[in-house]
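Participant: Have a look at the structure that comes next, please.
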Amino acid sequence: MLSAFKDAVRVRREGLTYLISVGVTSDDADKGARFANLVTTVYIRKQVEAKVANTVSAGKILEHQVTAARDVLAQNKRNLYLFVTSHSDLQAAGSLPQLRLADAQFGETTSDAHQGVRARSIGGGPETILRAPAVGTGREGAVPEPFDAIAGL
């Protein structure tokens, strides 16, 4: 039965377009038309289901990437807060050698944070490298809101 159906159905692409032609050979024209419409309906349904599945999959990947980017941003924000609060003497002194040393130290801290977040997003590594104290926000590891304005974030 399935072999006879397969032999009776013909599907071909129309030129270089996305159009297909579906035909069913049958002794009964109405029966052939119903089968052709059924084959076409099933084909379109399967195409739509595949596109929806691909879109959902891509959305999940993007959601994961956005979450990882937010984690990196939050870690860098905490690192900047820790750096600024631990180097308050540099703001007053303004010494060029001290500023260069502090800049190098901040770069190392930021690099470590990127590695920690990347390792976590792949499935291993520490949750965070550093945590800033939660000052008045009620959130663990959060950077105080007044610091947001100072850092321009």
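Participant: Would you check if Ala53 is at pLDDT 95 or above, surrounded by 13 or more Cβ atoms within 10 Å (Cβ to Cβ) and assigned to a helix (DSSP H, G or I)?
Facilitator: No, not satisfied.
Participant: Right, next: Would you please name the residue that is surrounded by the fewest Cβ atoms within 10 Å (Cβ to Cβ), looking only at residues in the stretch 18-50 that are at pLDDT 90 or above and assigned to a strand (DSSP E or B)?
Facilitator: By that ranking, first place goes to Ser21.
Participant: Search the stretch 55-84 for residues that are within 25 Å of Ala102 (Cα to Cα) and in the same structural domain as Asp103 (by TED's automatic domain parsing) and pair each with any residue that is assigned to a helix (DSSP H, G or I) and of a type in the set (D, E, K, R) when their beta-carbon atoms are under 6 Å apart and the residues are at least 6 apart or on different chains.
Facilitator: Hits for this filter: zero, empty list.
The values are calculated or read from the model by the stated rules, or taken from the named source; none is laboratory data. No experiment lies behind these values; they were computed from the predicted model shown. Glycine also receives a Cβ, built like all others from the backbone with ideal geometry; neighbour counts cover every protein chain displayed.
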